[in-house]
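Novice: Take this structure, written in structure tokens, and hold onto it; I'll ask about it next.
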Amino acid sequence: MLRTTAAVVAGKAARAASRLRGGGSALPGLVAERVDPGFLTQALRDVRGGIVVVSGTNGKTTTTKMLVAVLRAHGRTVFTNPTGSNFTRGVISSMLGELPLSGRLAADMAVLELDEAHALRFADAVKPTHALLLNVARDQLDRFAEIDHTAQLLASLAEQTTTGVVLNIDDSFIARIRDRVAPGVTVTWFGVDGSIADRLPELQEQDVRFEDDFTPPVAGPDDGLLKPADDRTFSILFGENGSASVGPLELQQRGLAAMINATAATTAARALLGDAFDPAVAADALRAVTPPFGRGEVVMVDGQPLELVLVKNPAGFTVALGTYGSTPVATMVAINDNYADGRDVSWLYDVSFESLRERGVALTSGVRAYDMALRLQYDDVPVDAVEADLDRALDAFLAGHPDEPKRIFCTYTAMMALRRTLAARYDLPDIGEEAS
Amino acid sequence: MSDGQDLHDEGQDLRGADESPQGAGPDGLGPIPAGDGTAYAGAHPAPVDVPIPGEPAGSARVPDAGREGKGVIHVVHLYPREMSIYGDLGNTRTIAARIRRHGYVPVVHQHHPGAPFPEEAHLLLGGGGQDSGQVRVEDDLERLGDRLRAMAADGVPMLMICGMYQLFGNAFITVDGKRLPGLGILDVTTQGNAKRMIGPVVLDTDFGPVVGYENHSGSTTLGSGQAAFGRVRSGLGNNGTDGTEGARSGNVIGSYLHGPILPANPALADALIGLAAERATGRPFEPVPQDDAYADEARNRQVRRLVRR
């Protein structure tokens, strides 16, 4: 116990110091972890309503935010890691803000967004009661190396989950995980209704193992299926013939991917809450969720909206282009190749940029600005200018398109840099300080 | 979609591809019918072509008479579904687009396991794959072995990246010592490793400086007398020790470089196209000068970033 208190104190001190410097969110977690390796186990000991890990390639941050919103709307106190720092140390870092010196978190539930590798490291310390597994797509292959490997990581996570897993019925990498869970662990599915099944390929990775004997599951009454009514309005079907459905409702975030995230979050919330789940409460909570930073976040710049859209892999970029393609605006694309972006930019050739052809792209920027311009050239998308320096590119972009809406597609570190510059000039919530 | 009329004009052609229904991906998400030249027959279910981002629909179609431009060049991508991870389809896209820009007409064939091999093939491309993908092509590759070896001996240009580079070698020795035979077109042997070689690469090659990105666990050794594709100036290359990258025998090039390799290294792309054009037409290659300013700047920046002087 003394050791844990020491860890909390050391971690809190590091957290305060790193905030003063405006530094990263993982450092204080590292400090606490060093002082007490059992820190996580201890911190989560009193959390009895469920320890939920949300993992998968795309949509973790949005889905986590939605799940937490729905659970809180049902009166549960929920600990989460809202910083988008989806490594174990990031989780500890965000805990430190809420933790009494006893080192035990006072919350009904914990909902943690973790990337595939860190989800397993977390499970080594604390067995999750529930896992919500979203999808497997190529993302930063220099870290996870291969899709097969990523799918294996998630399967191991599911094996260690003690009560229930919520799986994507439409992603065969994820759906196969049903055969890996321990006896007695409930499998719940989320997915899309048959009426929009033709749109799945734009969201998903190719599974090349199409000749084996895997039989796709069939959704039952406790499984959630997305049924869109139009571009913005949708319902999540539950129950016999949709008798217990959530919606119709409209999210603040646009696009099919956000609707699927909402379906995943709602299905998980229903599995966690059981009879306490109220479809009307869930719908209201989802309507109120604002997009997480960089996921379609809108900054008002001189009276005009500027959208920041994070892109990090082919599936995500394709979905983003599909989401925003129907409303073309002045566009900039910023591609960095730092570790957090994925150092290999090959994936840009697995995205089709034709939807940008008519309006063209005002600027490409970032370390790989010229590679991006070259990629667009191969899709016959006109590029007005290439400026590798992000701040100079931002200035030119804002100055060149003062009286119209603007959009920047950007990789992770490019987004962080652009957002820092924007935050210094305009009124933006700090990253990591997002209302939780 | 019948936009076969405009095969000479890439811009026209691409607009044709935009006719796919709203909400569907730009390349059309449903099964794309195989071009006439690649009708699938036999006991196997008709494999479905994969969308090549940016490539116009119908580019597997042989152009009508009078629409051949300077000549029709048949390009075959081997196993695009199983073996084209890390953007390797971008190489096929680059080749097809540049063939058009040089005034020729490409016919892009996708060869799937079990399908008949296209009758005409002037240029072959292959990419990297996951282990599960690699397993799925081995039997087919063995079936095609004699034909591919004959084509290589006859001078057909081929660019094989990563996994397909390894399969074009003599053998792949797994971590547990199992020997998986390759085609033996390139005199290289690859040893499976626990550690991956990952990162950006700069090479010196016969085609000038070449940039790309490697990501492989296999460690490859050249046989005595086997020429490398390039000398490593930055990165690890075949094995991280002897400074070689890839292999080249005649017109067959194997390399670990993704990136994909061709867009940022147009001299290599045009060398392959030139060889293919000569085979297709029986005449010397008649190139059109290209604006490669973006490609040159993208490449030069990587060279400046990565090579310490």
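The values are calculated or read from the model by the stated rules, or taken from the named source; none is laboratory data. From a predicted model like this one, the values you see are computed outputs, not experimental measurements. Don't worry about glycine lacking a Cβ; one is built from the backbone with ideal geometry, like all the others, and counts go over all protein chains shown. In case anyone asks, the SASA skips ligands and DNA or RNA and just uses the protein heavy atoms, side chains included. Shrake-Rupley method; radii C 1.70, N 1.55, O 1.52, S 1.80 Å.
Novice: Do we find a residue being within 14 Å of chain A (Cβ to nearest Cβ) and either open to solvent by less than 20 Å² (accessible area, probe 1.4 Å) or farther than 24 Å from B:Tyr213 by Cα (or both) anywhere in segment B:163-172? I'd like the intermediate steps shown before the answer.
Specialist: To start, the set of residues in segment B:163-172 that are within 14 Å of chain A (Cβ to nearest Cβ) comprises B:163.
Then keep just the ones that are either open to solvent by less than 20 Å² (accessible area, probe 1.4 Å) or farther than 24 Å from B:Tyr213 by Cα (or both); that gives B:163.
Yes, some residue in segment B:163-172 is within 14 Å of chain A (Cβ to nearest Cβ) and either open to solvent by less than 20 Å² (accessible area, probe 1.4 Å) or farther than 24 Å from B:Tyr213 by Cα (or both).
Novice: State which residue is modelled with the lowest pLDDT when the search covers only segment A:214-247 and only residues that are over 17 Å from A:Val70 (Cα atoms) and β-branched (Val, Ile, Thr).
Specialist: For segment A:214-247, the residue satisfying everything is A:Thr215.
Novice: Let me ask another. Hey, B:Leu186 hits all of (1) in a loop (DSSP other than H, G, I, E, B); (2) surrounded by fewer than 17 Cβ atoms within 10 Å (Cβ to Cβ); (3) in contact with a helix residue (DSSP H, G or I) (Cβ under 8 Å, 6 or more places away or on another chain) but one; which does it fall short on?
Specialist: (2)
Novice: Of the conditions (1) at pLDDT 95 or above; (2) open to solvent by less than 20 Å² (accessible area, probe 1.4 Å); (3) not basic (Lys, Arg), B:Pro200 fails just one. Which one is it?
Specialist: (2)
Novice: If we keep just the residues of segment A:322-346 that are under 19 Å from the mean Cα position of the chain (by Cα) and open to solvent by 10 Å² or more (accessible area, probe 1.4 Å), which is farthest from the other protein chains (Cβ to nearest Cβ)?
Specialist: It comes out as A:Ala340.
Novice: Tell me, which residue of segment A:351-373 that is in contact with a strand residue (DSSP E or B) (Cβ under 9 Å, 6 or more places away or on another chain) and over 19 Å from A:Met415 (Cα atoms) is surrounded by the most Cβ atoms within 10 Å (Cβ to Cβ)?
Specialist: A:Phe353
Novice: Out of (1) open to solvent by 10 Å² or more (accessible area, probe 1.4 Å); (2) among the β-branched types (Val, Ile, Thr); (3) not in a strand (DSSP E or B), the odd one out for A:Val386 is which?
Specialist: A:Val386 satisfies every listed condition except (3).
Novice: Being within 14 Å of chain A (Cβ to nearest Cβ) and either open to solvent by 20 Å² or more (accessible area, probe 1.4 Å) or aliphatic (A, V, I, L, M) (or both) is the filter here, so list the residues in segment B:235-258 that pass it. Full working, then the answer.
Specialist: The initial filter retains those residues of segment B:235-258 that are within 14 Å of chain A (Cβ to nearest Cβ), namely B:235-236, B:255-258.
Listed by number, the residues that qualify are B:Gly235, B:Leu236, B:Leu257.
Novice: Any residue at all in segment B:3-13 that is away from chain A (no Cβ under 11 Å), in contact with a Lys or Arg (Cβ under 7 Å, 6 or more places away or on another chain) and modelled with pLDDT of 85 or more?
Specialist: There is no residue in segment B:3-13 that is away from chain A (no Cβ under 11 Å), in contact with a Lys or Arg (Cβ under 7 Å, 6 or more places away or on another chain) and modelled with pLDDT of 85 or more.
Novice: Where in segment A:27-122 are the helices (runs of 4 or more DSSP H), entirely inside, with at least 3 residues that are modelled with pLDDT of 70 or more and under 30 Å from A:Phe173 (Cα atoms)?
Specialist: Of the helices (runs of 4 or more DSSP H) lying wholly inside segment A:27-122, those with at least 3 residues that are modelled with pLDDT of 70 or more and under 30 Å from A:Phe173 (Cα atoms) span A:60-73.
Novice: Something else now. Scan segment A:352-362 and give yes if some residue there is away from chain B (no Cβ under 13 Å), outside any helix (DSSP H, G or I) and without any contact (Cβ under 8 Å) to a residue 24 or more places away in the chain, otherwise no. Walk me through how you get there before you give the answer.
Specialist: We begin by selecting, within segment A:352-362, every residue away from chain B (no Cβ under 13 Å); these are A:359-360, A:362.
If we keep only those that are outside any helix (DSSP H, G or I) too, we end up with A:359-360, A:362.
In the following step, the residues that additionally are without any contact (Cβ under 8 Å) to a residue 24 or more places away in the chain were identified as none.
No, there is no match, as no residue in segment A:352-362 is away from chain B (no Cβ under 13 Å), outside any helix (DSSP H, G or I) and without any contact (Cβ under 8 Å) to a residue 24 or more places away in the chain.
Novice: Name the residues in segment A:156-169 that are over 18 Å from the mean Cα position of the chain (by Cα), crowded, with 18+ Cβ neighbours inside 10 Å and not β-branched (Val, Ile, Thr), would you?
Specialist: Within segment A:156-169, A:Ala158, A:Gln160, A:Gly164 qualify.
Novice: Can you give me the number of residues within segment B:82-138 that are at negative phi, surrounded by 22 or more Cβ atoms within 10 Å (Cβ to Cβ), within 13 Å of another protein chain (Cβ to nearest Cβ) and part of a loop (DSSP other than H, G, I, E, B)?
Specialist: 7
Novice: So B:Ala269 clears everything in (1) among the aliphatic types (A, V, I, L, M); (2) open to solvent by 30 Å² or more (accessible area, probe 1.4 Å); (3) closer than 22 Å to A:Asp350 by Cβ except one condition, right? Which one?
Specialist: (2)
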